[in-house]
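Structure first, commentary second.
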Amino acid sequence: MSGLTTPTAWADKTKRTLHKVRVATTTGQERTFKAHWSEDEVREPLLALLGPKCWYCETMIQRADVNVDHFRPKSEVSGETGHDGYWWLAYRIDNYRIACKHCNSGGARFEGKREGLAKGTRFPLVAGVRAWKEGDDLDLEQPLLLDPARLGDPDLIGFDAFGYARRSSAPYSPAESHGGVCRTEETIRILALNATHITAQRRELMEEIAELAQMPGPLAQKIIAKRVRLTAQWSAAATAALNLHRACSLPVTGPVPPAAAPPASAAFPPTPDPDRGRRKVNLKDQLVYLDAADLAVGITLTGRHNNRELRATLLLDGKINVLGRGWDTPTTAARVATGTDDVNGWDFWRLTVAGVEQSLAEFRDAHEPPSTPA
């Protein structure tokens, strides 16, 4: 949020409103939040940063109201009984994010069905201590949802060649490993970042970038520059497509085959450190303990919710297919299946191996990788 300053007159006005909210909160009276955040004095500077596009999904907001979202919700926190919301941040400009209707309040669709829960009053934590009152340290919170205004968070989202948002190659954080959840995948789930309409158009954009990148001359480069600038629609996907093209165009620099390499001349690149946290987040490290033929067909996973048995399919690449969608993590797959925000997929999903039914957590823990010798 660098480069933003709070207009003095607007700040003075909001101080008076916030004082009334503070008194009402203290005395247990009904609170009234005047929508100062929708006033041009603060909305226009926010729009000037990235243009009229949603900071979460990067879709241009056309012929619709521009929502100024409170990243930390002002009036209540979904799932936190008794929390009065981050009311003291209601008029803090650094708590505002520009959001489209779908990301803010829902309505996106995937193959004709409603998709995602939308942000609304959701503000789950992946770790840390939640702030409950004015003066609590916000730095102790570790939000689950990726914050488009926080340095490093946007880099955790990548895109495949089909236009689908996915987790980047960044290692899982200790908080994600401890909680068995992926922040990127949870953000994709809640905000419906892979809804049908947006994914199809992202794919077309990425194909256009790939074609333009192969064309010589300044005109193609000028169009690419427009597509990847921060104010452009889906600029992150366009940049990903451009980077992929460049990576594929580089000459091969891997190790020389032994038969052709002069003695002591082969330069082998260092092996990247394994992501030690991922075994608690996804199933990729446990696939070697399952039958490859069964995985090729798909291994059935089951779980119970509200007295109903729910089913999913574990696929060869480690993804879990739920309702026609592949998810990288058991927890997000379980939350999609149940429609809830707080289920742990490692305990929820069960599979049968050699006639023994067990939870994914039990299966994982039974195959703890051996310790590396000192």
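The values are calculated or read from the model by the stated rules, or taken from the named source; none is laboratory data. Quick caveat, the model's predicted, so the values are computed rather than measured. Using ideal geometry, Cβ is built from the backbone for each residue, glycine included, and neighbour counts are taken over all protein chains shown. Just the protein is used for accessible areas: all its heavy atoms, side chains included, with ligands, DNA and RNA removed. Shrake-Rupley method; radii C 1.70, N 1.55, O 1.52, S 1.80 Å.
Miscellaneous remarks
- For a straight C-alpha distance cut-off of 30 angstrom, the lysines reachable from Lys20 (same-chain residues fewer than eight places away being disregarded) are Lys34, Lys74, Lys101, Lys119, Lys133.
- Partners of Lys222 within straight-line reach, counting lysines whose Cα lies under 16 Å from its Cα and excluding those fewer than 8 residues away in the same chain: none found.
- Projecting label points 7 angstrom from Cα along Cα→Cβ for Arg311 and Asp275 puts them 3.0 nm apart.
- Cleavage-rule hits (trypsin sites (Lys or Arg not before Pro)) in segment 2-69: DSSP loop, at most 16 neighbouring Cβ within 10 angstrom: Lys34, Arg63
- Rg and Dmax of the chain, Cα atoms only, in Å: 23.7, 82
- Full extension of the chain between Thr26 and Glu204 gives 58.8 nm of extra length, using 0.36 nm per residue less the Cα-Cα distance.
- Taking a ≥ b ≥ c as the square roots of the eigenvalues of the Cα gyration tensor, segment 4-80 is classed as oblate, since a/c reaches at least 1.5 and a/b does not exceed b/c.
- The chain, dipole about Cα centre (Lys/Arg Cβ +1, Asp/Glu Cβ -1), debye to the nearest 20: 960 debye
- Inter-label distance for Leu230 and Val353, nm, one decimal - labels placed 7 Å from Cα along Cα-to-Cβ: 4.7 nm
- When the Cα gyration tensor is reduced to axis lengths a ≥ b ≥ c, the ratio a/c is 1.5 or higher for segment 98-233, and with a/b above b/c it is classed as prolate.
- Alpha-carbon Rg with Dmax, taken over segment 22-160, Å: 15.8, 52
- Electrostatic dipole magnitude of segment 72-166 [Cβ: Lys, Arg +1; Asp, Glu -1; Cα centre; debye, to 20]: 480 debye
- Surface exposure of the chain, expressed per residue as accessible area with a 1.4 Å probe, stands at 55 Å².
- R0 of 41 Å, Cβ-Cβ distance Asp294-Cys248: FRET efficiency to nearest 0.05: 0.75
- Scanning the chain for DSSP H helices at least 18 Å long along the axis (C-alpha atoms) with a Kyte-Doolittle mean no lower than -1.0 picks out 8-27, 196-212, 235-249.
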